[in-house]
Amino acid sequence: MNIDSANTETTTRMMSARPMLVGTATTRDVIPGMTDDLLLHAGPPITWERASGPMRGAITGALIFEGKATDMVGAAELVQSGKIRLHPCHHHATVGPMAGVTSPSMSVYVLENAVHGNRSFSNINEGYGKVLRYGAYSEEVLDRLRWLNDVLGKVLNNALQGMGGLDMKALMAEALHMGDEGHNRNKAASVLYLKALAPHIARSAPDSETAAQVLQALGDNALAVLNPVMAAGKAMADAAQGVQGSTIVTVMARNGTDFGIRVSGIGGKGTDTRWFTGPVGHPKGLYFPNFTAEDGSGDIGDSTITESIGIGGFAMAAAPAIVTFVSGSPSDAVKATLEMYEICHTEHNAFTIPQLEFRGTPTGIDIRKVVETGITPRINTGIAHKNAGVGQIGAGLVRPPMSAFEDALMAYAKQYGFE
Amino acid sequence: MPIQTQLRHGAYYDSVVLMQLQAALSQLSGVQNVGVMMGTPANKALLAQSGLLTPEAESAAPDDLIISVLGKNADDSQNALAQVDSLLMKRSTGTEGDYLPQSLPAAAKALPSAQWVLVSVPGRYAADVARDALNMGKHVFLYSDNVSLADEIELKQSATAKGLLVMGPDCGTAIINGVGLGFANRVRRGPIGVVGASGTGLQQVTSRIHQLGSGISHAMGTGGRDLKADVGALTARQALSLLANDPQTQVIVLISKPPAPAVAQELLRLARTIPKPVVVNFIGYQPNESEASDGSVWFARTLDGAAQLAVNLLSSATPAVTIPAPAHARYLRGLFSGGTLAYEALLILQDYLPSVYSNAPLDKRYQLSNSLVSQEHTIVDLGEDEFTVGRLHPMLDNTLRLHRLAQEAADPQVGLILLDVVLGDGAHPNPASEIAPAIEKAKETARADGRDLPVVVVVCGTDEDPQNMAEQIALLEAAGAQVFSNNETAIRHVGECVQKLGGLGLANVQNNLDQPFAALNVGLESFAQSLQTQSAAVQHLNWRPPAGGNDKLMALLRKMKG
């Protein structure tokens, strides 16, 4: 067995995937394995007992939204008694930012990989302020969720169907040339997304006031496109999962307590449940006024799918405008990307960086290279408040625990008889 | 006054850069206080408080940069000011330029022209780095010591298979294409190539050659263990081969502490195949008489002697010899009637050919599997018992030999035939009368096949022998044979001819020495700085022990390469 050629197969699949955003639908109708007693969440598996503040808040909000609980005590009872089960989004072809909690009645984006045929899903971005993904579950949060479900989701579905689907890879590639890195900065991609959808929203909304509200919601939210971008990443990652002998990371994800990775050659296809975990780090970064690092939650969210498929922190050189998050200079942004080349198998054939003479982004994290060089992946991330419901308090840089990569390497060695 | 001030007009620097410059200057020896500031009134007041406001600084305008240094004495201050530019340069931020790669692939991406990797990391990590470099197709200068013998052998075998050089481990010195690696003296470029298993030996010889007015094409280190029997001079053989093919090199010097005898013999054989003078200084090695008298290898007793001899030989050396490609018909077949003559032939041919098969070989590995059929280079003693059962000795009866001669002549792989003719009382009364026509016929057979087939005959006899030696020789020569009356001379002549037929048997190594030197440097930063000083392209790595030095993970990673 040749590991390098297995890894080439993995990254080829990852890079050749072509996720098309085709519409929205209700979770219970489309997400495989979804049942009414199930909630999906970000990161590797978690229990109520070990869940962080934002995760508990989001679970509570989702159960109130589903009409199954009225407060956190009730939510805790349901989960601890096993009446409500928790699964990682990743086990169901799904990803969600921050807490990533996705419940049976929620609207989700539906993507289809035109090359490999797999589908992927992500919930709809709520915008800023008090939002479920940061663990807020007040009435205004739930009202917002209902509007996303009943109004915005339906308009988007009509618009996306009307336009015959949206090629997410092309959109992501274009945004990298407009100063986005695809994780912390999605300003350009969100504008491109709005621009593509606008005429179809105008046509498919029931009335002009609804169209205006939907356009406003998308236009005000520089993260509007984050969720479809993440779902596109998930479609690419799942296409790359399960290559015999490959040491490439297909997924990195955080639940606020544990950081988990999955490796293509360990375990089976996208629904496989093998994770290698370690304690989450606390991001270093800039905080909004009145907040400090003390207030920060442990690292959380599935948005690290972006780094897993070669953008986000790995494409930092493309986004010099946001290096201030880590009080760096534009040359530090270039160095950040150059450093990631050291642990990646290849350079992306579609995602390129003008500042590096259009070199492809570092793609396909090789656990061997991570362990050998001691360089862990660089992750750009938002920072959640440690208490449920407060929301985002900053943004910065975090690295996964090396132990997860070492454990994965040893498990690989055992599985393939290298010991 | 030990305070010295430098003004830079209209120079703008980021305040962080100025703070870093101030810190760097303060750390220089003999510096007591430093002020690095723009010439605003407030800043001048600050300088005045610390006694650094010289009249010159006082005169500065707000957009002038003031650098004031208080040294223990004026020289210290002057010295510090002289370093401002290089310190500023060091701290200037670029884009890709100041990213130090950590892994060899990333470094190779930054400097794609690098043909060499300089390795000076701690010994326990060095073999892995060298292995990675070889897998990337790079030559290795392995300065690190404490590399195990097993690793050295494995690295060199792998390098040889790939046509790459591993100089070292524990190689302190080399000069490649005018660029000194590790510890090297500055010597002019010239026509003498040096191969050395000893670092200071190499330095002494190259320095002496420079002092004597000549210069160095390339000087290659092998590491001290290369010439031991276990390693078998893999690097030295490659280095000699490179110099043999290098058009700039006219004379070669080989220096080493006394090698293992078998290795010495092997190296001398290779040296003799090179059509350039080779000066050998195996410190303390006593060449035997025939070696010492040899015209292609010269023995020197001391390092200085080697340098002098090399320089003296330059006048007689022929420049730029091209090496012939191996001929298809390249094997020697010797058909002897005299047992001791055959035995001596085998002995002498060791100096020229790595292996000669025989029905009575010196080394059992080269036993002919069937005495009636030759293999590669073969010397057959037809006087052996196996041939004389029920038949007269070949000194009396030529039948068997003439039959074998025809058989060899028909073999398209045969490039030279060697025969002996023993005269004297008791021997055949007129051997040439039978052998000469057979030689003529053999040459004709070969010619019909499009080959030239030289035949060498050694005649053992005197002018008083009953067969008439002069007449015998004349008959053989008329048949086209080259005739010698001294076995050793004949055999040495044959050895040289056969070497030429076979190409030189040089070691496999890529020759990219004449490309501009470019290297990746893993380990001591001073090696990278030294290369920069010599204007050679170098990419230094920010190397760290793999897997944080965890032995278990390192072992796993080693198995999981590729």
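The values are calculated or read from the model by the stated rules, or taken from the named source; none is laboratory data. Only a predicted model underlies this, so the values are computations on that prediction, with no experimental measurement involved. Reconstructed Cβ throughout: ideal geometry from the backbone, glycine too, with neighbour counts over all protein chains shown.
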Among A:Pro97, A:Pro32, A:Pro104, the single one that is surrounded by fewer than 18 Cβ atoms within 10 Å (Cβ to Cβ), of a type outside the set (Gly, Ala, Ser), part of a loop (DSSP other than H, G, I, E, B) and modelled with pLDDT of 95 or more is A:Pro32
Kindly indicate whether A:Gly135 is on the phi > 0 side of the Ramachandran plot and in contact (Cβ under 8 Å) with a residue 40 or more places away in the chain. yes
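Report the residue count in the stretch A:314-354 for those that are part of a helix (DSSP H, G or I), away from chain B (no Cβ under 12 Å) and among the hydroxyl-bearing types (Ser, Thr, Tyr). First the steps, then the outcome.
Kept after step one, since they are part of a helix (DSSP H, G or I), are these residues of the stretch A:314-354: A:314-318, A:320-326, A:330-341, A:354.
Next cut, away from chain B (no Cβ under 12 Å) only: A:314-316, A:318, A:321-326, A:354.
Pick out the ones that are also among the hydroxyl-bearing types (Ser, Thr, Tyr) and you get A:324.
Adding up the residues that qualify gives 1.
I'd like to know if the stretch B:461-480 contains one or more residues that are within 29 Å of B:Asp411 (Cβ to Cβ), polar (S, T, N, Q) and modelled with pLDDT of 90 or more.
Here is the first cut: in the stretch B:461-480, the residues within 29 Å of B:Asp411 (Cβ to Cβ) are B:472-480.
Within this subset, residues satisfying the condition of being polar (S, T, N, Q) are B:472.
Retained after the next criterion (residues that are modelled with pLDDT of 90 or more): B:472.
Yes, because at least one residue in the stretch B:461-480 is within 29 Å of B:Asp411 (Cβ to Cβ), polar (S, T, N, Q) and modelled with pLDDT of 90 or more.
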Those residues of the stretch A:107-128 that are small (Gly, Ala, Ser), over 13 Å from A:Leu145 (Cα atoms) and assigned to a loop (DSSP other than H, G, I, E, B) come to a total of 2
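Go through the stretch A:5-29 and give me each residue that's within 14 Å of chain B (Cβ to nearest Cβ) and surrounded by fewer than 15 Cβ atoms within 10 Å (Cβ to Cβ).
Initial filter on the stretch A:5-29 (within 14 Å of chain B (Cβ to nearest Cβ)): A:5-8.
Once the filter is applied, which keeps residues that are within 14 Å of chain B (Cβ to nearest Cβ) and surrounded by fewer than 15 Cβ atoms within 10 Å (Cβ to Cβ), the stretch A:5-29 yields only A:Ser5.
Filter the stretch A:371-381 down to the residues that are buried (at least 24 other Cβ atoms within 10 Å of the Cβ) and more than 9 Å from chain B (Cβ to nearest Cβ), then identify the one that is modelled with the highest pLDDT.
Here is the first cut: in the stretch A:371-381, the residues buried (at least 24 other Cβ atoms within 10 Å of the Cβ) are A:371-372, A:377, A:379-381.
Next, only the ones that are more than 9 Å from chain B (Cβ to nearest Cβ) stay: A:377, A:379-381.
On the way: A:Pro377: 98, A:Ile379: 93, A:Asn380: 90, A:Thr381: 89.
The qualifying residue modelled with the highest pLDDT is A:Pro377.
A quick yes/no check of all residues on (1) within 14 Å of another protein chain (Cβ to nearest Cβ); (2) free of Cβ contacts under 8 Å to residues at least 40 places away in the same chain; (3) surrounded by fewer than 24 Cβ atoms within 10 Å (Cβ to Cβ):
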| position | (1), (2), (3) |
| --- | --- |
| B:Gln102 | yes, no, yes |
| B:Ala110 | yes, no, yes |
| B:Ala126 | no, no, no |
| B:Met136 | yes, yes, yes |
| B:Ala150 | no, yes, yes |
| B:Thr160 | no, no, yes |
| B:Asn177 | no, no, yes |
| B:Ala184 | no, yes, yes |
Could you please find all residues in the stretch A:397-419 being under 14 Å from A:Thr376 (Cα atoms), within 12 Å of another protein chain (Cβ to nearest Cβ) and buried (at least 16 other Cβ atoms within 10 Å of the Cβ)? A:Met402, A:Phe405, A:Glu406, A:Asp407, A:Ala408, A:Leu409
Of all residues in the stretch B:212-224 being surrounded by 18 or more Cβ atoms within 10 Å (Cβ to Cβ) and not small (Gly, Ala, Ser), which is nearest to B:Arg188 (Cα to Cα)? B:Ile216
Can you spot a residue in the stretch A:360-370 that is more than 14 Å from every other protein chain (Cβ to nearest Cβ), touching a residue at least 12 places away in the same chain (Cβ under 8 Å) and part of a loop (DSSP other than H, G, I, E, B)? no
Out of (1) assigned to a strand (DSSP E or B); (2) at negative phi; (3) under 18 Å from the mean Cα position of the chain (by Cα), the one A:Pro400 does not meet is (1)
Would you check if there is a residue in the stretch B:392-406 being free of Cβ contacts under 8 Å to residues at least 40 places away in the same chain and farther than 20 Å from B:Leu476 by Cα? yes
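More than 10 Å from every other protein chain (Cβ to nearest Cβ) and surrounded by 24 or more Cβ atoms within 10 Å (Cβ to Cβ), is that true of A:Ala384?
Details: more than 10 Å from every other protein chain (Cβ to nearest Cβ): yes; surrounded by 24 or more Cβ atoms within 10 Å (Cβ to Cβ): yes.
Yes: the conditions hold for A:Ala384.
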Restricted to the stretch A:387-396 and to residues being out of contact with any strand residue (DSSP E or B) (no Cβ under 6 Å at 6 or more places or on another chain) and among the hydrophobic types (A, V, I, L, M, F, W, C), the residue nearest to the other protein chains (Cβ to nearest Cβ) is A:Val390
Among the residues of the stretch A:203-226 satisfying the criterion of being charged (D, E, K, R) and within 24 Å of A:Met168 (Cβ to Cβ), which is farthest from the chain's Cα centre (by Cα)? A:Arg203
Scan the stretch B:94-143 for residues that are more than 21 Å from the chain's Cα centre (by Cα), farther than 23 Å from B:Met554 by Cα and part of a loop (DSSP other than H, G, I, E, B) and report the count. 9
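Quick check on my filter: what residues within the stretch B:398-429 are farther than 16 Å from B:Ser374 by Cβ and either of a type in the set (Lys, Arg) or surrounded by fewer than 16 Cβ atoms within 10 Å (Cβ to Cβ) (or both)? Before the answer, list the steps.
To start, the set of residues in the stretch B:398-429 that are farther than 16 Å from B:Ser374 by Cβ comprises B:398-399, B:420-429.
Residues satisfying the conditions are B:Thr399, B:Gly424, B:Asp425, B:Gly426, B:Pro429.
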With respect to B:Leu165, is the statement that it is within 18 Å of B:Asn508 (Cβ to Cβ), without any contact (Cβ under 8 Å) to a residue 40 or more places away in the chain, surrounded by 24 or more Cβ atoms within 10 Å (Cβ to Cβ) and in contact with a strand residue (DSSP E or B) (Cβ under 6 Å, 6 or more places away or on another chain) true? no
Within the stretch B:449-562, which helices (runs of 4 or more DSSP H) (wholly inside it) include 2 or more residues that are within 30 Å of B:Lys162 (Cα to Cα)? B:487-501, B:525-533, B:551-559
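Of the residues B:Ala345, B:Ala307, B:Ala406, B:Ala360, which single one is of a type in the set (A, V, I, L, M, F, W, C) and either modelled with pLDDT under 90 or in the same structural domain as B:Gly213 (by TED's automatic domain parsing) (or both)?
Values: B:Ala345 fails: either modelled with pLDDT under 90 or in the same structural domain as B:Gly213 (by TED's automatic domain parsing) (or both); B:Ala406 fails: either modelled with pLDDT under 90 or in the same structural domain as B:Gly213 (by TED's automatic domain parsing) (or both); B:Ala360 fails: either modelled with pLDDT under 90 or in the same structural domain as B:Gly213 (by TED's automatic domain parsing) (or both).
Answer to the check: B:Ala307.
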Can you name the condition, by its number, that B:Tyr143 falls short on among (1) surrounded by 24 or more Cβ atoms within 10 Å (Cβ to Cβ); (2) outside the structural domain of B:Ile252 (by TED's automatic domain parsing); (3) over 19 Å from B:Leu520 (Cα atoms)? (3)
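Scan the stretch B:160-212 residue by residue and report those that are in a loop (DSSP other than H, G, I, E, B) and among the basic types (Lys, Arg).
Looking only at the stretch B:160-212, we keep the residues that are in a loop (DSSP other than H, G, I, E, B), and these are B:163-165, B:168-172, B:177-178, B:183-188, B:197-198, B:212.
Of everything in the stretch B:160-212, those that are in a loop (DSSP other than H, G, I, E, B) and among the basic types (Lys, Arg) turn out to be B:Arg186, B:Arg188.
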Odd one out for A:Ala159, checked against (1) crowded, with 24+ Cβ neighbours inside 10 Å; (2) within 21 Å of the chain's Cα centre (by Cα); (3) aliphatic (A, V, I, L, M): (2)
Hand me the list of strands (runs of 3 or more DSSP E) wholly inside the stretch A:201-305 holding 2 or more residues that are closer than 20 Å to A:Glu406 by Cα. A:249-255, A:258-263, A:276-279
Count of the stretch B:215-236 residues which are acidic (Asp, Glu) and within 15 Å of B:Ala159 (Cα to Cα): 1
